[in-house]
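Here's the structure, in structure tokens; my notes come after.
The values are calculated or read from the model by the stated rules, or taken from the named source; none is laboratory data. These numbers were taken from a predicted model, which means no experiment stands behind them. FYI the Cβ positions are ideal-geometry reconstructions off the backbone, even for glycines, and counts take in every protein chain you see.
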Amino acid sequence: MSDNHKFISGLLLGALAGSALALYMNTEKGKQLVEELKSDAADIKDDFKAGIDTAEESLQQLLAKAKQLVSNLEEKLKEEALKTS
């Protein structure tokens, strides 16, 4: 089969699949499927946002702990420097 035949076959198959999908989406079941997909996508979006918020909060807490550790380390280094001088 030549490249032209493969291309035309693929084009026709794609057009046929697109037409079948368009016909299905215009049925009641197709419209219901679209609504369910939209609802699921909204749920996933909300879950993702909640996950981001939780991650951001955890990161802020970790950053605060790191700052406290650095502050404590600076304090100890100053104390040691005063002892040795």
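Six or more apart or on different chains, Cβ under 9 Å: which pairs go from a residue in segment 15-41 that's free of Cβ contacts under 8 Å to residues at least 12 places away in the same chain to one that's surrounded by 10 or more Cβ atoms within 10 Å (Cβ to Cβ) and among the charged types (D, E, K, R)? Could you list them?
MET25/LYS31
Confirm whether LYS83 is surrounded by 10 or more Cβ atoms within 10 Å (Cβ to Cβ) and in a helix (DSSP H, G or I).
no
Conditions first: (1) outside any helix (DSSP H, G or I); (2) modelled with pLDDT of 95 or more. MET1 passes all but one, so which condition is the exception?
(2)
Quick check: anything in segment 60-77 surrounded by 10 or more Cβ atoms within 10 Å (Cβ to Cβ) and among the acidic types (Asp, Glu)?
yes
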